[in-house]
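These notes concern the structure reproduced below.
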Amino acid sequence: MRLPSLWANAGLATLFVLLWSSGAIFSRWGLEHASAFAFLFFRCAIALAVLLAIGLWQRQCLPAPGTRRRVALIGVLMIGSYQICYLLALEQGITPGVLATLLGVQPILTQFITERRCTGLRALGLALAMVGLTLVVYQSLMVAHFSLSGMLFAFIALGCMTAGTLLQKGMTQPPLAVLPLQYAVGLLMCTLALPFEPLQVEWRPAFVLPLLWMAVVISVLATFLLYRLIQRGNLVQVTSLFYLIPAVTALLDYLLLGHALAALSLLGMASIVLGVMLVFRRV
């Protein structure tokens, strides 16, 4: 591979990690001026409008026939349920750094479920990840006294992301083919929930900026960037980028919001990252 191509891939990878890691920070910022369902409703609506505009321009807005039910179900899990629980966890007081650390277990859960066997270093990696998860949960509930409901929402988000990833496995359609339908499903779920949830919005720049960041930069740009990285490299290299996201999110959480991870949570994060690296060392 030529040097300019290496630099280009490194630049894209760095940009992706920074953008993806910022998601929890901007979500927490937006929730200071809106309820979780209101924030997600407008995020899905804006993202869907942008995706449809791009899709109509490119003449590609729908998944291939025969895959649409599966794509819609993935939307229920990864767009609707995951993002709803993600925002509710933040709304209930879970800090972005802790939430990112908990969700960092997702790759290893997916790998364990698909292979259903762990021996040698992989078994050690799974054990390290579970120890790290236990340390983070203990610190959050017993020491920092985070709400139990917030932690439950975080674990439901983890389960939804894992299930959605398993359904997504083997699907190679481009983002323009699947994302409009998935965000339409997410928007429908939020619309159905709105009569039962508070719709509170403070229309000020401190709300509009994080809303646009999550709807356009994360939902559209970062997702397209992820697909681009997969096309330029390989899935293992891209998966390895997710090792960095909990640490970068925790750093941004501290620098921008002042939430420092406690020593036990930092130790738990390190254990999770090391465990994931061991599990994926030969994938």
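The values are calculated or read from the model by the stated rules, or taken from the named source; none is laboratory data. Computed from a predicted model, the values in this text were never measured in an experiment. A quick note on method: Cβ atoms are made from the backbone with ideal geometry, for glycine too, and the neighbour counts reach across all protein chains shown. Each accessible area value is taken on the protein alone, full model and side chains, heavy atoms only, with ligands, DNA and RNA left out. Shrake-Rupley method; radii C 1.70, N 1.55, O 1.52, S 1.80 Å.
Along its principal axes, the chain has C-alpha extents of 49, 46, 37 angstrom, given from the largest down. The Tyr254 and Val216 beta-carbon pair, evaluated with R₀ = 22 Å, returns a calculated FRET efficiency of approximately 0.25. In order along region 172-183, phi translates into HN-Hα couplings of 10, 5, x, x, 5, 7, 10, 5, x, 5, 5, 6 Hz, rounded to whole numbers, per the Karplus curve 6.51 cos²θ - 1.76 cosθ + 1.60 with θ = phi - 60° and x for Gly and Pro.
Find, among the chymotrypsin sites (Phe, Trp or Tyr not before Pro) in region 166-211, those assigned to loop by DSSP (not H, G, I, E, B) with at most 10 other beta-carbon atoms within 10 angstrom. Those that pass, being in a loop and sparsely packed, are Trp203. Residues whose amide H falls under 5 Å from that of Ala260, counting only those 5 or more places apart or on a different chain, are absent, with hydrogens built in the peptide plane.
Using the alpha-carbon centroid of each, what span in Å lies between region 21-47 and region 77-118? Taking the Cα centre of each part, region 21-47 and region 77-118 sit 17 Å apart. Of all stretches in the chain that contain no trypsin sites (Lys or Arg not before Pro) in a DSSP loop with at most 15 other Cβ atoms within 10 Å, the longest one is 170-280.
List the chymotrypsin sites (Phe, Trp or Tyr not before Pro) in region 100-155 that DSSP assigns to loop (not H, G, I, E or B) and whose Cβ has at most 13 other Cβ atoms within 10 Å. Which are they? Sites meeting the loop and neighbour criteria: none at all.
Counting only protein heavy atoms and a 1.4 Å probe, tell me what percentage of the chain's accessible area is made up of carbon and sulfur. Intermediate results must be reported in sequence, preceding the final value.
Working: 9580 of 13710 Å².
Carbon with sulfur: 70 percent of the solvent-accessible area.
Derived scalar couplings between HN and Hα for region 242-251 equal 5, 4, 7, 5, x, 5, 5, 4, 4, 5 Hz in order, rounded to whole Hz, by the Karplus curve 6.51 cos²θ - 1.76 cosθ + 1.60 (θ = phi - 60°), x for Gly and Pro. Label region 79-187 by shape, choosing from rounded, prolate and oblate, from the square roots a ≥ b ≥ c of the eigenvalues of the Cα gyration tensor; if a/c is under 1.5 it is rounded, and otherwise prolate applies when a/b is larger than b/c, oblate when it is not. It comes out oblate by the Cα gyration axes.
Applied to region 197-213, the Karplus parametrisation 6.51 cos²θ - 1.76 cosθ + 1.60 on θ = phi - 60° returns per-residue 3J(HN,Hα) values of 10, x, 10, 10, 9, 10, 7, 9, x, 5, 9, 5, 5, x, 4, 5, 4 Hz, with x for Gly and Pro.
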